[in-house]
Amino acid sequence: MSARARRALRDNGIGIAFGLLFLAALALQAAAGFADFTEQRLADHLLPVSFGRYLTSSAFAVDVAENWQSEYLQFFLYVFATTWLVQRGSPESKPPGSPHRTSNEQERVAEHAEADSPVSARAGHPRRVVFSVSLGATMGLLFLGSWAAQFIAGRSAYNAQQLAQLQDPLSWSDYLMSPDFWNRTAQNWQSEFLAIGSMAVFAVFLRQRGSPESKAVGAPHDSQG
Amino acid sequence: MRSRLRRSGAALAAALLPAGALAGCGADPAAEAAATAQQRFTTALSTGDTAAACAALAPDAVEHLRAAHGRDCARELRGARVGGGPVREVQVWGTQAQVRTTGDTVFLTRGPDGWRVIAAGCRSRGELPYACAVGASG
């Protein structure tokens, strides 16, 4: 491997490692989900489907999408909520008393943009404003897209199950109010909210040497890191 | 024929499409095939061709007839109270389908050799599974 390739791998370690972990976990989910789906179909006196058909089924799609939406909701809320909310002593938070609105100078935009600032930071008003909220907005759009996918695939999977059990399929509006949709949604939301809150609080008192997610080991509990 | 369809094969990619892109699509081959299978079953019954009607049933429905009444499928179907009439609505979800005619509601499943009837002569019981004259009630 060339020095350039090694450097590229090293400089993008987080993205590459978690990308590979994502693919491995998705493959594991597909294998386990297929086995579970096959068992359910046999229990319902239905013929099993092939692995390929399962991968393109709404049953697999809804299981994937319901987790995606909650993860993107987590980051969307975290990006926006930390603009307004603080946690004293947490490296995940601004210091208490920090202004909600930051100045152009602090953000290094417009006339305060530097030579190596992104072009959008120097651009005119609409483009700069969009770029200024692009991280949270992208997370928000990915959340909405994933949630919509969960809804559509979830209704499809649920209705297939309804028919197998000799029951009527649900309309869009009925599925929107159904326990299946909200159970899938809320069970993912609660775990994400717990993870965000506990991480912010744990990081006040606990340390991880060498991690940017942690304050320095010797930093006082009431410092932001 | 009114056809309201969602194919499970659409999966995540299709699920990400705007809802309007999927709504109101025209006649679907799967819906037509399910309706054809239902019509084949009811026509065979109405003409007294119970052997053909049995051939249109899913294996589980045939087994249920045998297990429930101890008689073979063709004999059992002779007295089955199954309505008919033109198709009013077809819904296909994954490998399952529901065909509503003016006189009946029929449930079908898709196997390797096409659509087969799993229950016919079905009467709605609200939120409970349909009660069916042929095939297992849910």
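The values are calculated or read from the model by the stated rules, or taken from the named source; none is laboratory data. Because the structure is predicted, anything quoted here is derived from the model rather than measured. Every residue, glycine as well, gets a Cβ built from its backbone with ideal geometry; the counts of neighbours run over all protein chains shown. Side chains are part of the model used for accessible areas, which takes the heavy atoms of the whole protein and leaves out ligands, DNA and RNA. Shrake-Rupley method; radii C 1.70, N 1.55, O 1.52, S 1.80 Å.
Quick notes on this structure:
- Split chain A at each of the trypsin sites (Lys or Arg not before Pro) in a DSSP loop with at most 10 other beta carbon atoms within 10 Å, and the longest piece is A:102-208.
- The Cα atoms of the stretch A:1-42 give a gyration tensor whose axes a ≥ b ≥ c have a/c of 1.5 or more with a/b greater than b/c, which makes the shape prolate.
- Share of carbon and sulfur in the accessible heavy-atom surface of the stretch A:1-56 [1.4 Å probe, %]: 68
- Total buried accessible area between A and B, probe 1.4 Å, nearest 100: 2400 Å².
- Solvent-free Debye calculation, one equal scatterer per alpha-carbon of the stretch A:136-217: log10 I(q)/I(0) at 0.21 Å⁻¹ equals -0.99.
- Counting only Cα atoms, the size of chain A along its three principal axes is 66, 49, 40 Å, in decreasing order.
- Candidates A:19, A:33, A:1 compared by Cα position along the dipole of the stretch A:1-56: farthest toward the positive end lies A:1, with charges placed on Cβ.
- Within the accessible area of the stretch A:118-225, the carbon and sulfur atoms contribute 67%, probe 1.4 Å, all protein chains present.
- Against the main long axis of the alpha-carbon atoms of chain A, helix A:179-205 sits at an angle near 30°.
- Between the stretch A:168-184 and the stretch B:87-126, the C-alpha centres lie 21 angstrom from each other.
- Taking all protein chains as shown and a probe of 1.4 angstrom, residue B:64 keeps an accessible surface of around 70 Å².
- Remark: mean inter-chain Cβ contacts per residue of A:41-49 equal 4, using a 10 Å Cβ-Cβ cutoff to other protein chain atoms.
- Interface residues of the stretch A:55-85, defined as those with an accessible-area decrease of at least 30 Å² between the chain by itself and the complete set of protein chains (probe 1.4 Å), are A:56, A:61.
- All other residues whose Cβ lies under 13 angstrom from that of residue A:150 are scored, Lys and Arg at +1 and Asp and Glu at -1, for a net of -2.
- For the stretch A:1-56, the solvent-accessible area works out to 76 Å² per residue, with a probe of 1.4 Å and every protein chain left in place.
- Separation in nanometres of the label points that stand 7 Å from Cα toward Cβ, at residue B:89 and residue A:130: 4.3
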